[in-house]
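Just passing along the structure, written as structure tokens.
The values are calculated or read from the model by the stated rules, or taken from the named source; none is laboratory data. Predicted model only: the values in this text are computed from it and were never measured. Cβ placement follows ideal geometry from the backbone for every residue including glycine, while neighbour counts extend to all protein chains displayed. The area values use the complete protein model at the heavy-atom level, side chains included, leaving out ligands, DNA and RNA. Shrake-Rupley method; radii C 1.70, N 1.55, O 1.52, S 1.80 Å.
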Amino acid sequence: PDKIRATVAKRDAVGGEDYVGIFLDTFNDQRKAYIFQFNPLGIQADGIKTSGSQGSDFSVDIVMESKGMIHDNGWSVEVKIPFKSLRYEAGKGKFWGVDFWRRIDRFNREIDGWMPMVRGVSEIQQLGRITGFTDIKTERTLEVTPSVTFSKSGERIADITVPPDLSRLSTGPFKTDLGVSIKYQITPNITLDAAINPDFAEVEADAPVVKANERFPIFFAEKRPFFLEGIDIFNTNLQVVNTRNIANPDFALKLTGKIGKNTFGILGAADDFPPDESNPKGRKAYAGVLRLKRDVGENSNVGLFATQYHFGSKRHNSILGFDGKFQLDPRTIFDFEVATSYSKRFFYDPDIDASQYRAGTGIAYRIVFDYTGRNRGWFFSLSGRSKDYRADLGFTRRTNTHGPDFGFRIGTEPNPANFLIGIVSRGSGRFSVDEKGRLQVARSTFNTNFNFQKQFEISLDIGTAYEKLYEDEFGPRRNPNQAGAFFGEPVRSAFKYFGDFGIEKSFGKLFGFEVGIGFTENSFELDFGASERYKRVSPAALLGDDRLDPGKGFSLRYELGFRLQPSDPLRINFDYERSSLRRDDTGLVAFDSNIFSLKSTYQFTRFIFARTRFDYETIDGTLNSQHLFGWNPSPGTAFYIGYNDNSTYRAFNQFNGRFDEGFRRDGKSFFIRMSYLFRKSF
């Protein structure tokens, strides 16, 4: 018993401890299953596991009860999961897929299960079966969760009467926001969700990332409960739906479910954009999503999806697409997805260096063959997005790119008794061109991971790439009527080589760390300028030319992370990441980003916690902190008191045009948020 690893953790945070787990495939279709985990103190983790996915989605929170206890000779957990908390199919002759297992953390995360599992085949396809659901009483369940948020915030504004700073912190009045979320379980497998003026204040913000020298958008995962419910239905490989594009909805409506072999999802929302200089009255955006899937055979399906997005009078976007997954044998999968878009909006034309309002059609596609064996595997894919493809309700990193990807995996047979338990190596390649046939990138990488006893891992990555940049991707294309976007040659190329080395070690629940270092030789510096501290350092910039002058350089990255748990209720995480790039032609540093993050959580009880987080980033000198006290006894019922502070340290002051010597507070906010779940079955 003294070796049992268990703490009073927050919900869904039992992955590094001992726990017992349950799979429940409540439709017995071998495509999706609930996953439940409980540590020795009864702390809950719940989510969804989808066939073919690498991990599980623990964003789902299910109303249930659990309690655990450590005894002199072990530990036990008692759990009660109401049927009305699940979506399921029941009746005479119906079966559910099921498995039970336990995880022993100190034995290299050993897992012992009820069903024998074969590696390389999805666990969901290997579940056992239970029956006896003939006499379940079908109920309609109504859940109503009203919420209220009281907040007060302040921001720095210009004020010439306050020398030498020429600004002051202005505090606004107290605001009260009322909202309500409604869930109606029409049948055990069809649910209607609605939210009116919902309070979507996130109690945990996005972690800071390096944005310097970044050419394409950065993806941030959804965290808001309303959109996370049933999100697996709307997810596709092309990411045609990214609900974070629905920023501040006045109301939202969602209908999801499964009838027989048919899964469906309908989502609609009206998004409210606050007034700005160009639109003093504000604007509305209207979003709609339709998703249909039909099971084919034992583990295959075909689907249809459609989205509509309208923002103001000048931006309209529609997408219609199809997808499918076919399991050719237990280890081989073929899947495809194709989406067509129609947009009316402003499109940039590099030949005239202007945006024109017009209609545009586009296509995106992805085809994949994947074989996953016990200790080996391979994949081949072909994907692309055309120049005019737009997904205003989704996430698109890059358009006008097409090409194949391929890779392999090979590993030794793991032996838990050996000092070196196993080795896994992976290789991959990527080749892409634009619609004119111009090469964009040719890349190859090779990775090896060494897994040792006592939760010790070493990873090594090496690779090469040949990349080309074209000025019309960044701005105007040179012709007799205009200069090009680039200073000097209109095309830039670089042959890169890079490497990464990482170490990860865990010393039980008390302490753990990870270290990584990487470099890239001939990395492109895009000449954007990172901040007032790191302005452009290209030859063009030194000559006073405004045109971009991308060049090659040496980039270095290293990171360090610590996890410390000095007592059961206290957890401390510290992360440091540095990323820098120095140009070869001028020898000057384009940017040197240092991100420091400190996060600590004290879990007083299963349901009461206090959390503090500090993030400092040196490029802009931003120093943000978040302090939160919370009580969350069950999904939907919660009480939070929070304070957020946005400051800078030795940063550029846009109000007086100088760099500050010390701290400057740019914003602050205080809030109290309360919600309560009312639940009634009929």
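Of the residues Glu521, Glu514, which is touching a Phe, Trp or Tyr at 6+ places or on another chain (Cβ under 7 Å), of a type in the set (Asp, Glu) and assigned to a strand (DSSP E or B)?
Only one candidate qualifies: Glu521.
Also, I was wondering about something else. Please go through (1) part of a strand (DSSP E or B); (2) open to solvent by 60 Å² or more (accessible area, probe 1.4 Å) for Glu532 and return the number of the only condition it doesn't satisfy.
Of the numbered conditions (1) part of a strand (DSSP E or B); (2) open to solvent by 60 Å² or more (accessible area, probe 1.4 Å), the odd one out for Glu532 is (1).
Would you confirm whether or not the stretch 149-171 contains a residue that is under 28 Å from the mean Cα position of the chain (by Cα) and either outside any strand (DSSP E or B) or without any contact (Cβ under 8 Å) to a residue 40 or more places away in the chain (or both)?
no
Yes/no per residue for (1) free of Cβ contacts under 8 Å to residues at least 12 places away in the same chain; (2) over 18 Å from Phe311 (Cβ atoms); (3) buried (at least 16 other Cβ atoms within 10 Å of the Cβ):
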| position | (1), (2), (3) |
| --- | --- |
| Asp335 | no, yes, yes |
| Ala339 | no, yes, yes |
| Tyr342 | no, no, no |
| Arg345 | no, no, yes |
| Asp349 | yes, yes, no |
| Ser355 | yes, no, no |
| Ala359 | no, no, no |
| Tyr365 | no, yes, yes |
| Thr372 | no, yes, yes |
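In the list Val210, Val180, which residue meets the criterion of being more than 30 Å from Phe23 (Cβ to Cβ), part of a strand (DSSP E or B) and of a type in the set (Val, Ile, Thr)?
Going through Val210, Val180 in turn, the sole match is Val180.
If I ask for residues that are among the aromatic types (Phe, Trp, Tyr) and within 19 Å of Ile352 (Cα to Cα), which ones from the stretch 468-509 would you list?
Once the filter is applied, which keeps residues that are among the aromatic types (Phe, Trp, Tyr) and within 19 Å of Ile352 (Cα to Cα), the stretch 468-509 yields Tyr470, Phe474, Phe486, Phe487.
Among Asp585, Asp549, Asp575, which is the only one that is within 24 Å of Ala530 (Cα to Cα), under 23 Å from the mean Cα position of the chain (by Cα) and either open to solvent by 50 Å² or more (accessible area, probe 1.4 Å) or touching a residue at least 60 places away in the same chain (Cβ under 8 Å) (or both)?
That would be Asp575, the only listed residue that is within 24 Å of Ala530 (Cα to Cα), under 23 Å from the mean Cα position of the chain (by Cα) and either open to solvent by 50 Å² or more (accessible area, probe 1.4 Å) or touching a residue at least 60 places away in the same chain (Cβ under 8 Å) (or both).
Can I ask one more? Quick test for you: out of Glu457, Glu467, Glu489, pick the one residue that is more than 20 Å from Glu577 (Cα to Cα) and assigned to a strand (DSSP E or B).
Glu467
With a cut-off of at least 3 residues that are crowded, with 18+ Cβ neighbours inside 10 Å and under 22 Å from the mean Cα position of the chain (by Cα), name the strands (runs of 3 or more DSSP E) lying wholly within the stretch 5-108.
Correct list: 32-38, 44-50.
Moving on to the next point. Criterion first (over 30 Å from Arg358 (Cβ atoms) and surrounded by 15 or more Cβ atoms within 10 Å (Cβ to Cβ)) does Thr399 satisfy it?
Here the answer is no, as Thr399 does not meet what is asked.
With respect to the numbered conditions (1) farther than 20 Å from Ser85 by Cβ; (2) modelled with pLDDT under 90; (3) open to solvent by less than 60 Å² (accessible area, probe 1.4 Å), which one is the sole condition not fulfilled by Ser151?
Tallying (1) farther than 20 Å from Ser85 by Cβ; (2) modelled with pLDDT under 90; (3) open to solvent by less than 60 Å² (accessible area, probe 1.4 Å), Ser151 fails exactly one: (2).
Let me ask something additional. Can you name the number of the only condition in (1) closer than 30 Å to Leu526 by Cα; (2) open to solvent by 30 Å² or more (accessible area, probe 1.4 Å) that Phe607 fails?
Just one mismatch for Phe607, condition (1).
Quick one: how many residues across the stretch 503-527 are modelled with pLDDT of 95 or more and surrounded by 18 or more Cβ atoms within 10 Å (Cβ to Cβ)?
7
Moving on. Assess whether Trp114 counts as being open to solvent by 20 Å² or more (accessible area, probe 1.4 Å) and farther than 29 Å from Pro633 by Cβ.
It is true that Trp114 is open to solvent by 20 Å² or more (accessible area, probe 1.4 Å) and farther than 29 Å from Pro633 by Cβ.
So, one more: Looking at the structure I just gave you, is Ile186 open to solvent by 60 Å² or more (accessible area, probe 1.4 Å) and of a type outside the set (S, T, N, Q)?
So Ile186 fails the test.
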